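We did not get these values from a lab; they are worked out from the coordinates using the rules stated. These numbers come from a predicted model, not from an experiment. Using ideal geometry, Cβ is built from the backbone for each residue, glycine included, and neighbour counts are taken over all protein chains shown.
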Amino acid sequence: MAEPLLRVEGVVKRFGGFQALGGVTLHVERGERFGLIGPNGSGKTTLISCISGTLRNDGGRIFFQGQDISARPAYQRARLGIARSFQIPRPFHSMTLQENLELSLDYAARDRAGDDHAAAAREILRMVGLDAKAGVISARLTQIEMRKLELARAMAARPSLLISDEAMAGLSSSEVDDLLAILLKMNEAGTTVIMIEHIMRAVMRFSQRIAVLDAGEKIAEGPPAEILNNKAVERAYLGE
Amino acid sequence: MSVKGRSLLVLAVLFLAGLFAFTRFVENRYIFFAAYVVLQYIVLATAWNILGGYTGYVNFGTGAFFALGVYSSVFLIQMFRAPLLVQIATGGVVAGLLGLGLGYLTLRLRGTFFSIATLALAVVLQTFVINWEYVGGAKGTTVLRPAHAPFFNNYIEFLFMVMGCLAVGSVAIAWFIEHSRIGRGFAAIRDNEEAAECTGVPTLKLKLLATTISGCLMGVAGTPFPYYLSFVDPDSAFNLSYALNSLAMPVVGGTTTWLGPVVGAVLLGTAQQLATVTISSELNILIVGVVLVLFVVLAPKGIVGLVQQFVQRRRA
Amino acid sequence: MFSLDLLLNAVVAGALLGGFYAAVSLGISVTFGLLDVVNIAHPVFVILGAYTAFTLNANYGVDPLLAGALFAPVFFVLGVVVYRVYYTSFESKGEGSQGGGLVFFFGLLFIVEVGLMLKFGVDYRLVEAPYIGESIHLGPIGLAYRLLVPCAVGLLMTLCLYLFLGKTFYGRAIMGVAQDSLALRLVGADPVRVKTLAFGISIATASVAGALLIMISPVEPSIGRAYIGRAFAITVLGGLGSIGGTLTAAMILGIAESLTSTFSGPSWALAVSFGILLLVLAVRPAGLFGR
């Protein structure tokens with residue numbers, strides 16, 4: 001069987017005395033749409049921070065494209081092809097939307113971006129529907145526009161693996177559909193996507209496989225239908 | 001090079017020509033010195049801004065880097081009678097290494113730790129220099145200016161021109177950085193360092209680069225000092241007004257482009273030179289402090305920013 | 001020349017100095033350790049406190065400690081005003097403006113220091129009180145009152161602050177505000193109010209610390225600069241957020257400086273605090289008791 005794009009083996013993360021992740025193991029196949037869910041505080045963002053390199057895991061290993069990247073700094077992982085969006089959008093606020101994306105192309109996508117970064121940035125802005133505002137300073141966007149910019153910037157990194165962290169929280173139904181469509185299009189073009197969401201209908205519709213975290217441990221994994229009927233998952237969300 | 005770049009190059013050449021004419025026609029020693037100080041501040045403000053304005057890391061210890069340049073020159077003069085070019089190169093290298101070292105120790109932690117460390121840096125370096133008898137210790141030392149200068153009537157005029165070239169050179173470096181991929185990386189670090197790292201920007205390496213270049217230029221600014229003034233002592237080399245001014249000038253002028261520090265240096269520098277003959281140096285510093293606080297609170301984008309806003313409003 | 005007496009006296013003097021250093025550093029321990037505000041101007045507020053104590057003492061014969069206590073409410077208000085400006089201009093605008101905050105305090109530092117220079121000149125000023133100049137002797141060890149009283153007051157201040165932060169509602173709110181503003185809101189405490197209170201308290205401590213400072217030795221406006229390095233070295237060594245850590249680190253620094261001063265000469269004492277700061281940052285940035 002082909003090597004999975006991402007392999008997380010027994011990842012442990014501690015903050016002082018508190019154990020945020022207690023040995024999580026999962027893998028994501030190339031081209032897959034993978035969902036990651038769990039109650040608040042279960043360690044989802046911590047896990048993807050360990051995968052993207054923002055945090056260094058204390059135990060276990062992380063493999064990307066077959067390489068052990070556990071010790072690599074975040075910027076190298078970005079160059080290898082891991083991109084993430086942040087829950088609370090973090091645009092480069094003094095730059096325009098165009099410049100935000102060009103930065104991604106200049107750095108993360110350096111080996112993959114081709115020559116005309118300006119045109120590539122414009123194209124991605126068109127895909128997310130923000131091209132009219134390409135010259136606007138990113139600090140002046142609305143909430144949904146910022147979320148789209150987050151995704152667009154991650155896309156500009158030309159990643160093999162895109163991790164979307166609660167991009168849809170607090171958005172209206174049609175806005176959720178907008179973002180879902182963008183992610184689906186990206187996946188069709190070949191990008192593997194990990195989606196973290198609380199909006200169940202989005203995760204269920206989008207994902208081919210879902211893993212459930214609770215209190216730093218993986219308590220279930222499987223296709224959406226299985227997860228829906230899983231008693232342990234129900235308990236985790238609703239309590240005993 | 002773009003049209004804008006070419007016209008700036010022409011401007012630089014004209015500027016240097018103007019400075020040359022200045023040396024020919026201006027006799028008054030005080031005006032000369034005032035102009036020298038302003039040129040020196042163009043270098044210091046530009047150097048500060050590369051790390052502070054472009055990358056977002058505040059350096060309170062300009063005095064330490066500047067004085068390092070001053071004292072490395074003193075050492076080279078007394079030990080080897082070294083030519084000016086060697087002094088400049090050495091001062092730049094030593095100060096650059098200091099920036100690199102300090103950066104390496106503190107930049108992997110939060111930015112505030114770096115700034116705090118720079119505050120204490122000047123105090124410590126001054127302690128070392130005070131105890132170093134070879135360069136004069138606390139009392140200071142006299143340095144003999146060379147009798148002859150290449151191309152000019154006297155050495156002072158020569159040094160003035162050298163400082164002018166250093167000013168143009170440092171602004172050129174800032175301009176190149178600003179328009180390069182590295183400069184965009186700096187800006188990303190300033191805007192949101194964590195996002196920058198996740199977007200593939202090697203933040204630690206770039207921060208170290210910024211600290212090194214900034215420190216190097218500050219040291220270079222100090223290297224002609226011994227020959228120019230002929231007397232060097234720790235109080236004048238480590239003077240806190242360097243820290244205040246090199247920070248206030250970019251903040252007042254505008255921190256996002258190369259133009260801001262130049263505007264700030266020319267305005268604040270000239271104003272201070274004019275003021276020192278009429279008011280006490282303490283009042284001078286007080287006013288700079290007040291202007292700094294007013295700008296950082298009310299007009300954080302500086303004069304350049306205010307002008308940009310004004311122009312945009314006219315267009316709308 | 002080495003002798004046990006010399007060593008003992010140096011250590012004791014250092015420990016007494018440490019108690020005083022704690023008084024100076026408490027303000028930074030609160031603002032930097034708990035609020036994450038880098039108020040590098042704090043030492044200059046301490047100098048301001050020294051001068052207000054001097055003014056009351058020289059003109060009205062008021063005991064310096066009393067003067068420090070009397071001015072504490074005034075300094076509290078000053079702290080509130082400063083924080084309000086800082087908050088509206090920088091903190092409320094999000095992460096990107098942190099550099100501006102640093103620059104703000106730097107400017108403030110110069111304004112206060114030079115303002116003092118203009119008003120009082122650069123001559124050294126001192127206070128007069130009946131107990132300054134006296135000392136008690138325990139065997140070979142001499143304890144000067146001018147060191148003993150500041151140390152005692154410093155310890156007292158540390159204890160009071162520790163109790164306030166640990167036992168009172170607002171104290172605990174201050175402890176929690178940096179970590180969890182949302183939780184604070186849920187229990188009815190406005191995070192901005194809490195931070196303003198904390199900042200006000202930290203500047204109020206500067207009033208008392210200043211009075212202690214001028215008791216120990218004469219002051220002139222620029223001596224605050226040495227304390228910037230010391231106060232931050234102490235706060236970082238002790239661990240951000242730990243009052244007990246601040247006291248411990250203050251003692252360590254005081255003793256280290258005293259020993260250096262006695263055996264290598266006073267001009268190297270300043271380098272000690274910086275050396276400690278660099279060492280801590282390089283080896284264990286969380287400090288001794290940091291979170």
Could you tell me what % of all Cα pairs in the stretch B:117-259 have separations over 25 Å?
-> 45 percent
Amide H contacts under 5 Å for B:ARG110, placed H, 5+ residues apart | none
Expressed in angstrom and rounded, the centroid-to-centroid distance over alpha carbons for the stretch C:233-256 and the stretch A:23-97 is 37 Å
Would you give the gap between the C-alpha center of the stretch B:113-157 and the C-alpha center of the stretch C:92-133, rounded to a whole Å?
-> 27 Å
Over all Cα pairs of the stretch C:1-106, how is the pair count split among 10 Å bins, expressed in % and running from 0 up to the last occupied bin?
-> 12, 33, 27, 18, 8, 2
Under the definition of partner shielding as Cβ atoms of other protein chains within 10 Å of a residue Cβ, what is the mean value for peptide A:88-95?
-> 6
Of C:ASN59, C:GLY239, C:VAL122, which is farthest on the positive side of the dipole of chain C, counting Cα position, with +1 on Lys and Arg Cβ, -1 on Asp and Glu Cβ, and the Cα centre as origin?
-> C:GLY239
Over the Cα atoms of the protein assembly as shown, how large are the radius of gyration and the largest Cα-Cα distance (Dmax), in Å?
-> 29.5, 93
Unit Cα scatterers, Debye sum, the stretch C:23-224: log10 I(q)/I(0) for q = 0.16 Å⁻¹ = -1.02
Inter-chain shielding metric for C:275-282, i.e. average beta-carbon neighbours from other chains within 10 angstrom, reads 4
So for chain B, what are the equivalent ellipsoid semi-axes in whole Å, largest first, each being the square root of 5 times an eigenvalue of the Cα gyration tensor?
-> 30, 24, 20
Per residue and in Å³, how big is the convex hull formed by the alpha-carbon atoms of the stretch A:146-186?
-> 59 Å³
Enter the mean number of other protein chain beta carbons within 10 Å of the beta carbon of each residue in C:37-43, as an integer.
-> 2
How long, wide and thick is the stretch B:1-156, going by the Cα atoms along their three principal axes, in whole angstroms, largest first?
-> 50, 48, 26
For the stretch C:27-81 versus the stretch A:191-240, the gap between their alpha-carbon centres in whole angstrom = 56 Å
Taking square-rooted eigenvalues a ≥ b ≥ c of the alpha carbon gyration tensor, is the stretch A:136-213 rounded, prolate or oblate, where a/c under 1.5 means rounded and, failing that, a/b exceeding b/c means prolate?
-> oblate
In degrees rounded to 10, the 0-90 angle between helix C:42-60 Cα long axis and the longest Cα principal axis of chain C is 60 degrees
Report the dimensions of chain A along its three principal axes from the alpha-carbon atoms, largest first, rounded to Å.
-> 51, 39, 39
Rounding to the nearest 20 debye, state how big the charge dipole of the stretch C:23-224 is about its Cα centre with +1 on each Lys and Arg Cβ and -1 on each Asp and Glu Cβ.
-> 440 debye
Each residue of the stretch A:16-25 in order: what ³J(HN,Hα) in whole Hz does its phi give by Karplus 6.51 cos²θ - 1.76 cosθ + 1.60, θ = phi - 60°, with x for Gly and Pro?
-> x, x, 8, 9, 7, 10, x, x, 9, 10
Can you list the aspartates and glutamates whose alpha carbon is less than 16 Å from that of B:LYS301, not counting same-chain residues fewer than 8 positions off?
-> B:ASP191
Positive-end extreme of charge dipole, the protein assembly as shown - chosen from A:LEU183, B:PRO83, C:VAL12 (charges on Cβ) = A:LEU183
Pulled fully out, how much extra length does the chain show between C:PHE169 and C:ALA226, if you take 0.36 nm times their separation in residues and subtract their Cα-Cα distance?
-> 17.0 nm
Work out the FRET efficiency for B:ILE279 and C:VAL85 from their Cβ-Cβ distance, taking R0 = 30 Å, and round it to the nearest 0.05.
-> 0.70
Karplus-derived 3J(HN,Hα) from phi for the stretch B:307-315 (6.51 cos²θ - 1.76 cosθ + 1.60, θ = phi - 60°), whole Hz, x at Gly and Pro, runs 4, 4, 4, 4, 4, 5, 5, 5, 5
Using unit Cβ charges (K, R positive; D, E negative) and no other charged atoms, how large, in debye to the nearest 20, is the dipole of the protein assembly as shown about its Cα centre?
-> 1080 debye
Which of the aspartates and glutamates could a cross-linker span from B:LYS207 if the Cα-Cα distance has to be under 12 Å and same-chain partners fewer than 8 positions apart are dropped?
-> B:GLU193, B:GLU197
Using helices alone, what [θ] at 222 nm do you get for chain A, with -39,500 (n - 2.57) per DSSP H run of 4 or more residues, divided over all residues and rounded to the nearest 500?
-> -11000 deg cm²/dmol
Is the shape of the stretch B:9-94 rounded, prolate or oblate, going by the alpha carbon gyration tensor and its root eigenvalues a ≥ b ≥ c, with a/c under 1.5 for rounded and a/b larger than b/c for prolate?
-> oblate
Difference of contour (0.36 nm per residue) and Cα-Cα distance, A:GLU234 to A:ASP116 | 37.5 nm
How much length is gained if the chain between A:GLU188 and A:ALA225 is pulled fully straight, taking 0.36 nm per residue apart and subtracting their Cα-Cα distance, in nm to one decimal?
-> 11.1 nm
Cα convex hull of the stretch A:89-156: mean projected area in nm², to one decimal?
-> 3.8 nm²
Among B:PRO226, B:ALA196, B:ALA147, whose Cα sits farthest toward the positive end of the charge dipole of chain B (+1 at Cβ of Lys/Arg, -1 at Cβ of Asp/Glu, about the Cα centre)?
-> B:ALA196
Mind checking which lysines have their C-alpha under 27 Å from C:LYS167, skipping anything on the same chain fewer than 8 residues away?
-> C:LYS195
Simple SL model, points at 7 angstrom along Cα→Cβ for A:PHE15 and C:LEU118; separation in nm is 4.7 nm
Histogram of C-alpha separations across the stretch A:1-143, 5 Å bin width, % = 2, 9, 15, 18, 17, 15, 12, 9, 3, 0
Work out the length of the dipole vector of the stretch A:89-156 about its Cα centre, built from +1 on the beta-carbon of each Lys and Arg and -1 on the beta-carbon of each Asp and Glu, and round it to the nearest 20 debye.
-> 320 debye
What are the ³J(HN,Hα) values, in whole Hz, obtained from phi via the Karplus relation 6.51 cos²θ - 1.76 cosθ + 1.60 with θ = phi - 60°, for each residue of the stretch A:167-184 in sequence order, with x given for Gly and Pro?
-> 5, 9, 4, x, 8, 6, 4, 6, 5, 4, 4, 3, 5, 4, 4, 4, 5, 5
Would you calculate the volume per residue, in Å³, of the smallest convex hull containing every Cα atom of the stretch C:115-270?
-> 145 Å³
Semi-axis lengths (Å, descending) of the ellipsoid that matches the C-alpha gyration tensor of the stretch A:187-240 | 22, 11, 10
Please arrange B:TRP132, B:TRP258 by counting, for each residue, the other beta carbons lying within 10 Å of its beta carbon, fewest first.
-> B:TRP132, B:TRP258
